[in-house]
Amino acid sequence: LAKTTQPISMDSYEGQEVNITCSHNNIATNDYITWYQQFPSQGPRFIIQGYKTKVTNEVASLFIPADRKSSTLSLPRVSLSDTAVYYCLVALLGNDMRFGAGTRLTVKP
Amino acid sequence: EAQVTQNPRYLITVTGKKLTVTCSQNMNHEYMSWYRQDPGLGLRQIYYSMNVEVTDKGDVPEGYKVSRKEKRNFPLILESPSPNQTSLYFCASRGTGSSYNSPLHFGNGTRLTVT
C-alpha cells in the first residue's frame with residue numbers, strides 16, 4: 001500500500017491560491033489519489049479524486065504528473081473557512097484505506 | 001438523507017468497563033472502517049470490513065474488536081478499555097461496486113474518554 005507524505009502545516013492569506021503537495025513514491029498502477037478536508041471535531045469530507053493529469057471541480061484542482069509519484073491539491077482564492085486539515089489518500093479500489101498525518105492549513109485575514 | 005450515524009457522540013467511562021460504539025450507514029455500502037484520531041497523529045485505521053462477515057486489521061487494532069453481521073452495521077467493541085484508548089473515533093463507509101475508487105463517507109465522530 002502506497003504511503004503518503006505531506007507537509008505538516010501551511011499558512012496562507014485570504015484570496016491567495018494554495019497548493020498542497022503529497023508524495024506517494026510507491027503508488028501502484030491501479031491506485032487512485034483522493035483528497036479529504038477535515039474541520040475540527042468533524043469527520044473528513046471528500047474534496048477531489050484523480051488518477052492522472054488534471055482534475056477540476058467546483059472547489060479544487062488536482063494535478064498529477066506522469067509518473068504519479070506525487071500530486072498537488074490546488075485551492076484557488078482561499079477564504080478563512082478553508083482553514084482545515086487536508087489529507088491525501090492513495091488506495092486501490094476495495095483495499096484498506098490508510099490516511100497520513102495530513103496538512104494543517106491556516107488561512108489568515 | 002445518505003449518512004453514517006455513530007452513537008454515542010460523547011462517552012466517558014472507566015478502565016475495564018466494556019463498551020460498544022455503534023455505526024450504521026444507510027447507503028448499502030459494502031466497505032466500512034473505523035479510525036481513531038489523536039493530536040498530531042492524524043487518522044489511524046483500527047479495523048475495516050469489505051463486506052458482511054469479512055473484517056481485517058488496520059494499523060492499530062490492539063484492544064479493539066469489530067463485527068459485521070449485517071451490511072449496514074459495524075460496531076466497535078472495547079472489551080476492557082484503557083486510558084490510552086481515549087480518543088476521537090470515526091466510522092466511515094464506501095461503496096465498492098463502481099469502477100472507480102468511490103470516496104469514504106464519515107460519521108460525526110465519537111469522543112471517548114477512559115479514566
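Taken over segment B:2-17, residues that are over 18 Å from B:Leu104 (Cβ atoms) and within 16 Å of the chain's Cα centre (by Cα) amount to 5.
Candidates are the residues of segment A:27-40 that are within 11 Å of chain B (Cβ to nearest Cβ) and among the hydroxyl-bearing types (Ser, Thr, Tyr); the one that is most open to solvent (accessible area, probe 1.4 Å) is A:Tyr32.
Residues in segment A:41-54 that are open to solvent by 10 Å² or more (accessible area, probe 1.4 Å), within 10 Å of chain B (Cβ to nearest Cβ) and in a loop (DSSP other than H, G, I, E, B) were compared, and the one that is farthest from B:Phe90 (Cα to Cα) is A:Tyr51.
Residues checked against (1) open to solvent by less than 40 Å² (accessible area, probe 1.4 Å); (2) of a type in the set (Lys, Arg); (3) more than 14 Å from chain B (Cβ to nearest Cβ); (4) part of a loop (DSSP other than H, G, I, E, B):
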| residue | (1), (2), (3), (4) |
| --- | --- |
| A:Ala66 | no, no, yes, yes |
| A:Thr72 | yes, no, yes, no |
| A:Val78 | yes, no, yes, yes |
| A:Ser81 | no, no, yes, no |
| A:Val85 | yes, no, no, no |
| A:Cys88 | yes, no, no, no |
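Which condition breaks for B:Thr5 when tested against (1) within 12 Å of chain A (Cβ to nearest Cβ); (2) open to solvent by less than 60 Å² (accessible area, probe 1.4 Å); (3) closer than 22 Å to A:Thr34 by Cβ? Just one mismatch for B:Thr5, condition (3). Could you name every one of the strands (runs of 3 or more DSSP E) located completely within segment B:27-115 that has at least 1 residues being crowded, with 19+ Cβ neighbours inside 10 Å and among the basic types (Lys, Arg)? Because the criterion is at least 1 residues that are crowded, with 19+ Cβ neighbours inside 10 Å and among the basic types (Lys, Arg), the strands (runs of 3 or more DSSP E) in segment B:27-115 that meet it are B:31-38, B:87-94. In this structure, is A:Arg98 in a loop (DSSP other than H, G, I, E, B), touching a strand residue (DSSP E or B) at 6+ places or on another chain (Cβ under 6 Å) and closer than 26 Å to B:Leu41 by Cβ? Spelling it out, A:Arg98 is indeed in a loop (DSSP other than H, G, I, E, B), touching a strand residue (DSSP E or B) at 6+ places or on another chain (Cβ under 6 Å) and closer than 26 Å to B:Leu41 by Cβ.
Can you find even one residue in segment A:10-24 that is part of a loop (DSSP other than H, G, I, E, B), open to solvent by 90 Å² or more (accessible area, probe 1.4 Å) and at pLDDT below 95? No, there is no match, as no residue in segment A:10-24 is part of a loop (DSSP other than H, G, I, E, B), open to solvent by 90 Å² or more (accessible area, probe 1.4 Å) and at pLDDT below 95.
The values are calculated or read from the model by the stated rules, or taken from the named source; none is laboratory data. As the structure is a prediction and not an experimental result, all values here were calculated from the model. Using ideal geometry, Cβ is built from the backbone for each residue, glycine included, and neighbour counts are taken over all protein chains shown. The protein model used for the area step is the full one, side chains on, heavy atoms only, and it has no ligands, DNA or RNA in it. Shrake-Rupley method; radii C 1.70, N 1.55, O 1.52, S 1.80 Å.
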